[in-house]
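The values are calculated or read from the model by the stated rules, or taken from the named source; none is laboratory data. All of these numbers come straight from a predicted model, not from anything done at the bench. Methodologically, a virtual Cβ is constructed for each residue, glycine included, from the backbone with ideal geometry; neighbour enumeration extends over all protein chains shown. SASA here: full protein model, heavy atoms, side chains in, ligands and nucleic acids out. Shrake-Rupley method; radii C 1.70, N 1.55, O 1.52, S 1.80 Å.
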Amino acid sequence: MRTITWSQAMNEAIAEEMRRDERVFILGEDVAEAGTPFKVTSGLVEEFGTQRVLDTPISEPGFMGMAVGAAMTGMRPIVDLMFGDFIYLIMDQLANQAAKQHYMSGGTLTVPLVVRTNMGATRRSAAQHSQSLQALVAHIPGLKVAIPSTPYEVKGLMKAAIRDNNPVIIFEDKLSYQMKGEVPEEEYIIPLGQANVVSQGNDISLIATSSMVQVCEAAAVALARQGISAEVISVRTISPLDDATLVNSVKKTGRAIVVDQGHQSFGVTSEIVARLNEQAFYYLDAPLTRIGAMDVPIPFSPALEDLTVPTVEGVTARAIQLVTGVL
């Protein structure tokens, strides 16, 4: 199987869907000739032209509103939101309009649009360009939220998102664009709401989103040296959440750590832990644990920023405590 970067995988997903369905188009700041700041959409305007690859003014509420209207009238827009932090600017269009139209119209209207944006700290982008806001939108009924962790996942989930008749937000870690991974040349789709068991284990489940999957994979290697067998799971989508895969893993191992780069309080980790507690409580051998980012604005200082996010060492140490019972 060939190996390509995350950016190439996302670019392929968009191009293939635009070739398949002429209703699909992409709009956002610097998506055409510039190819976005991360060069994800490079080459699309040359193939599809400026009628389907639209550079917009710096007006997130404006072009988000245009996308909602286009989706309601038969198009399938992809909104490229340059930074996930800008979700705050489009919340009325996203949460009050896109998420509710199907319900409020009695099922006569759909809003098949995708918002692709990013998340994640440690890029030295400071407090207003480093947030991980996936829990914010996952809280809204009517929205689906995907958080891929590999080039394979981002392509499969993006294609599923574009074909879905509901609004979908897909978050990509800013440090993942040059990540390489195996991606099939033939077409494939990863259904929304389907988690993936990355590696099998018996002693503890490490349940993670986005780049935290790689953190947990490295922790699993470190734990193996201590004689501890860790199962690693990529959540893939948090809305809908694949309860069955997560619960079955915890029933097997009896222990779990849930890791996400969003702020720990009131976040993704809290929701997953609550569901596991409700559905797997009598199988637990230790308290369920969550590890998220510190509840602070993300610092610009590299030395301080690195302290705010989950680490391999932190996950490893906590897993050892849960398995050995030495707290």
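In table form, for the structure just shown:
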item: Anchor LYS39: lysines whose Cα lies under 20 Å away (excluding residues fewer than 8 positions away in-chain); result: LYS155, LYS159, LYS174, LYS180
item: Residue-normalised accessible area of the chain, given per residue in Å² at a 1.4 Å probe; result: 41 Å²
item: Normalised alpha carbon radius of gyration of segment 192-327 [divisor 2.2 N^0.38 Å]; result: 0.99
item: Point-to-point label distance, GLU313-MET91, nm (Cα→Cβ direction, 7 Å offset); result: 3.6 nm
item: Pairwise FRET efficiency - ARG123 versus ALA34, Cβ, R0 = 25 Å, nearest 0.05; result: 0.85
item: Inter-label distance, nm, simple model (7 Å from Cα along the C-beta direction), GLN178/GLN321; result: 3.5 nm
item: Computed [θ] at 222 nm, helices only, for the chain once each DSSP H run of length n ≥ 4 contributes -39500 (n - 2.57); result: -10000 deg cm²/dmol
item: Relative contact order of the chain, pairs being alpha-carbon contacts under 8 Å that are 6 or more residues apart, as %; result: 16 percent
item: Candidate residues ARG19, ARG124, ARG255, ARG225: accessible-area rank, largest first, probe 1.4 Å; result: ARG225, ARG19, ARG124, ARG255
item: Accessible heavy-atom area order of THR73, THR324, THR150, highest first, probe of 1.4 Å; result: THR73, THR324, THR150
item: Heavy-atom SASA rank of HIS102, HIS129 (probe 1.4 Å, accessible area, largest first); result: HIS102, HIS129
item: Label point at LEU304 placed 7 Å out along Cα→Cβ; residues across segment 130-149 whose backbone nitrogen lies under 19 Å; result: 130-132
item: HN-Hα J in Hz across segment 136-142 - Karplus 6.51, -1.76, 1.60, θ = phi - 60°, x for Gly and Pro; result: 4, 8, 5, 6, 9, x, x
item: Where a label projected 7 Å from the Cα of ILE58 along Cα→Cβ would reach, residues of segment 121-135 with amide N under 19 Å; result: 125-131
item: Volume per residue of the C-alpha convex hull in the chain, rounded to whole Å³; result: 131 Å³
item: Prolate/oblate/rounded call for segment 86-159, Cα gyration tensor, a/c under 1.5 rounded; result: oblate
item: Accessible carbon and sulfur surface of the chain relative to its total accessible area, %, 1.4 Å; result: 54 percent
item: Amide proton proximity set for MET82, modelled H, under 5 Å, gap of 5+; result: GLU29
item: Integer Hz, Karplus 6.51/-1.76/1.60 couplings in order for segment 159-176, x for Gly and Pro; result: 5, 5, 5, 5, 7, 6, 8, 10, x, 10, 10, 10, 9, 10, 5, 4, 8, 9
item: Between 0 and 90°, nearest 10: helix 60-72 axis offset from the chain longest Cα axis; result: 80 degrees
item: Cα-based reach from LYS251 at 14 Å (exclusive), listing aspartates and glutamates while leaving out same-chain residues under 8 positions away; result: ASP203, GLU231, ASP243, GLU278, ASP285
item: Computed P(r) (all Cα pairs; segment 6-131; 5 Å bins; percent); result: 2, 11, 20, 22, 20, 14, 7, 3, 0, 0
item: Overall form of segment 223-296 per C-alpha gyration tensor (a/c, 1.5; a/b vs b/c); result: oblate
item: Computed E for ARG2/GLN226 - FRET, C-beta separation, R0 51 angstrom, nearest 0.05; result: 0.90
item: Hz values of 3J(HN,Hα) by residue in segment 320-327 - Karplus curve (6.51, -1.76, 1.60), Gly and Pro given as x; result: 4, 4, 5, 6, 7, x, 8, 9
item: Evaluated over segment 118-267, the Cα radius of gyration and Dmax, each in Å; result: 15.3, 47
